[in-house]
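Below is one structure; the comments refer to it alone.
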Amino acid sequence: MARTATADTIVIKKRELKALLREVVREELARFTAKAEEDWELEEGSVLWQDLVELKKEIREGRVQLLTHEQVFGK
């Protein structure tokens with residue numbers, strides 16, 4: 001399907017939307033955890049909470065593999 005856009009709408013594929021949302025969540029999580037505060041808590045049911053629960057489920061199902069720091073940065 002071709003992408004279409006108007007001033008009020010945009011049409012994208014579901015997988016593209018999912019990738020975009022994940023990127024935004026990663027950015028927000030990075031900003032959230034960069035705060036100087038030592039203790040923080042997520043509100044159960046919040047968007048970030050739900051994303052982390054989904055990620056945990058995907059890891060258990062073997063659909064996601066987390067890499068070590070060494071695998072990512074080679075150090």
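Coordinate-derived values only; no laboratory data. The structure displayed is predicted, hence computed values, not measured ones. All Cβ positions, even for glycine, are placed from backbone atoms using ideal geometry, and neighbour counts span all protein chains on display.
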Completion exercise
Computed on Cα atoms only, the convex hull of the range 14-73 has an orientation-averaged projected area in nm² of 5.6
Practice task
Please report, in debye to the nearest 20, how large the charge dipole of the chain is about its Cα centre when each Lys and Arg carries +1 at its beta carbon and each Asp and Glu carries -1 there.
Solution key: 660
Completion exercise
Counting only DSSP loop positions in the range 20-75, the chymotrypsin sites (Phe, Trp or Tyr not before Pro) whose Cβ has at most 10 other Cβ atoms within 10 Å are W40
Exercise for the section: Between E54, E38, E23, find the one with the highest GNM mean-square fluctuation for the chain; connect C-alpha pairs within less than 10 Å. Expected result: E38
